[in-house]
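Have a look at the structure below before the remarks.
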Amino acid sequence: MAFMHPAAFAGLLLLAGPLLVHLLLRHRARRVPFPSLRFVRTSRTAAVRVRVPSDLLLLLLLLLRLAIVALAVIALAQPLLLAPARIARWNTRLARAIVLDVSESMKPMASAASDFADGEARSASFAFRIEADHLENGLSRAVAALETAPPALREIVVISDFQWGALRRAVLGTVPDGTGIRFVQIGSGQSERLVTGPDLLGVGASARRDYTLSQNATGLRARVAQPEAAGLLLLAGPADAGAIRALQRALAAAGTPAPSPAEPLAVVFAGAPAQVVRALDTRWMIETAVRMKADVELATACAASEAVARQSGDAPWHVLRRDRKGQAIVRAAAAGPALLIDVAAPPSAFASAAVVRGALIARQSSTARPEHEVRSMPGADLTALTRSPSPLKTYVPGPGQVADSRWCWALVIVLLAFEVVVRRERNVSRQEGCADAA
């Protein structure tokens, strides 16, 4: 026996009601006056005794009422008889969650993958189709979807090209043990892929690097993309013009991302005139500042430097980095449409180059794109991760299952009818007893 809503058993506390009614019922005795009671001083007592029912019919009424309340609570708990025939019927059904990879690399095979997913859905009793850019996210959604399925065998089918690194073995540990997993690999991958890299900062012109990825090698081709784009302003004192040009050449040689006119950056070094600023109030500025605070390389470079003394306080600046003495060496604020980065160091310092490079990388927020991978997971690895769904041996919570509570309600009705008969017989016997006493 299983119960679909076991929380309803809290209603068993209602069994105290009939007990209290029967045990605390006050019995008033008939008063018989005696002449000698005139000489006894009157006193007020409040004695309460718990009486054990001595009337058999009354005791039977108590038991009937307790049974009625208990059966009603059991019926509300939705009992389910786990008969072998019922469990065998559950094991003939299949609840399947189909995870369809819709990432960029699957676009050439999108039609074939969709048709295969439709076929998998038709062959299942209950089907859930899940389209996901990332397989790990799709697996977690598939597990959640199967939890809403009625009792049945449970299986997850993943349809993808399975690029190398797209699926980690640790993620499969989140799938319940009884749930089957099957992998359907679509396509055979590409032997070579051309990847367009980001625009890079140059001296006089922006450069772009294109990458050619193959199974065993990576090719690089650099080309001039366009004239130097606006979006980066370096401000320093009049005597630091040569240091600014040297800084630009160093940033270009390091492969620093190019700036964007839509999201301009202005970097102010020690010795530059003061600027009118306000607190960060634009989303991209705040995100850039947060990424700069999390930059480990920038933290190392700033910790090894010493900040030049400033005359102004930190308000409304947002401090990003401090030096080894705890003084603010890098601050951020908004100045017009630009994100203003204030560096308490000359442009010739190593920390200044690290700050400019870190700001351009943080503004771009370029991350690795696994869709550029040309290798695929070997079929042997996918076969080793495949497992069949386990047969059900007990009740699996899920909607669409009809409980056996109707039998409890039928028994409640029978007991109610019997309680009416017993109560009527007891009233008749009490009336007859009163008549005999009269």
**Q.** Spin-label proximity, Arg93 to region 139-167 - amide N less than 15 Å from point 7 Å beyond Cα toward beta carbon
**A.** 146-155
Q.
Using each residue's phi in region 285-300, evaluate 6.51 cos²θ - 1.76 cosθ + 1.60 at θ = phi - 60° and report the 3J(HN,Hα) Karplus result to the nearest Hz, with x for Gly and Pro.
A. 5, 5, 5, 5, 5, 5, 5, 5, 5, 8, 6, 5, 4, 5, 5, 5
Q | Nonlocal amide H pairs with Arg375, under 5 Å, H built at 1.01 Å | A | Trp164
Q: For Arg322, list long-range residues whose amide hydrogen, built 1.01 Å from N in the peptide plane, is under 5 Å from its own amide hydrogen.
A: Ile329
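I need the calculated FRET efficiency for the pair Thr300 and Ser123, taking r as the beta carbon distance and R₀ as 60 Å, to the nearest 0.05.
Here the calculated transfer efficiency is 0.60.
Hey, can you rank 269-282, 294-307 by average C-beta count inside 10 Å, highest first?
Ranked from most to least packed, the peptides come out as 294-307, 269-282.
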Q | Spatially proximal lysines relative to Lys325 (Cα-Cα < 23 Å; intrachain offsets below 8 disregarded) | A | Lys293
Q) With a ≥ b ≥ c the root eigenvalues of the C-alpha gyration tensor of region 239-308, is it rounded (a/c under 1.5), prolate (a/b larger than b/c) or oblate? A) rounded
Q: Extending each Cα 7 Å along its Cβ direction at His134 and Val420, get the distance between those two points in nm, one decimal.
A: 6.5 nm
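Please work out whether region 94-143 counts as rounded, prolate or oblate from its C-alpha gyration tensor, where a ≥ b ≥ c are the square roots of the eigenvalues and a/c under 1.5 means rounded, while otherwise a/b larger than b/c means prolate and anything else oblate?
Oblate shape, in that a/c is at least 1.5 and b/c is the bigger or equal ratio.
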Q. So if we plug the beta-carbon distance of Val21 and Ala144 into 1/(1 + (r/R0)^6) with R0 = 60 Å, what FRET efficiency do we get, rounded to 0.05?
A. 0.80
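Laboratory data are not the source of any read-out in this text; all were calculated from the coordinates shown. Since we're looking at a predicted model, the values are computed, not measured. Glycine gets a Cβ as well: all are built from the backbone with ideal geometry, and neighbour counts include every protein chain shown.
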